[in-house]
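Please treat every number below as a calculation from the coordinates, not as lab data. In this text, all values refer to a predicted model and were calculated from it rather than measured experimentally. So basically every Cβ, Gly included, is an ideal-geometry build from the backbone, and we count neighbours across all protein chains shown.
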Amino acid sequence: MKSKVDDLDLKIIRELQKDARQSYRDIAERLKVAEGTVYNRVNKLLESKVIKRFIPDIDFSKLGYDLVAIIGLMVEGGHLPKIEEEISLEKNVSAVYDVTGDYDALIVVKFKDRGALNEFVKKVLSMPNVKRTYTMVVLNVMKETHGVEI
């Protein structure tokens, strides 16, 4: 079900991107609309999956996850969707992307240490139909966000 998103919806989304915990009343005051309008619009955006969920923006390095890696993955034949699905269930995986170019998929992972990363890469390599991986360790995070400015 594809829903239309209008200018007011976009303004509400922008407000929620700044702080998803702010009240509908505060958003309504800022946008000069009724609180019920904001409530109804947010519910519509949730039902149509424009807004998938509300999550905190966590600095994982402060929780000990200092090692971020990007792994390129090459897979044989038509097995990519199944492998991506299996990899996406792993707890340290923060993103799985289907891509064009030299690799079939890119995986973003976060670990507390090299040993855990090593174990993960070996686990992926042992999966049937995985031909090759290419691991890049992130040296510095210059920007990491869950959204873009809309």
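Per DSSP H run of n ≥ 4, the term is -39500 (n - 2.57); total these for the chain, divide by its residue number, and report the mean residue ellipticity at 222 nm rounded to 500 deg cm²/dmol.
On the way: 5 runs with 54 residues, N = 150.
Dividing the helical sum by the residues of the chain leaves -11000 deg cm²/dmol.
The label-point distance for K122 and T135, in a model that sets each label 7 Å from Cα toward Cβ, rounds to 1.0 nm.
According to the Cα-based calculation, Rg over Rh for region 60-137 is 0.96, with Rh computed by the Kirkwood formula. Taken over region 7-47, the convex hull of the Cα atoms encloses 58 Å³ per residue. P(r) for the chain, from all Cα pairs and a bin width of 10 Å, is 9, 31, 24, 23, 11, 2 %, short bins first. Protection proxy ranking of 131-144, 42-55, by the mean of other Cβ atoms within 10 Å over each peptide's residues and highest first, is 42-55, 131-144. Amide H contacts of V75: D104, K131, each under 5 Å away and 5 or more positions distant or on a separate chain (H built 1.01 Å from N in the peptide plane; Pro and chain starts excluded).
Which of the pairs K18/K91; K18/K143; K82/K123; K62/K123; K32/K52 have their Cα atoms more than 19 Å apart in this structure?
K18/K91; K62/K123; K32/K52
GNM on the chain, alpha-carbon springs under 10 angstrom: the most fluctuating residue among A105, A34, A69 is A34.
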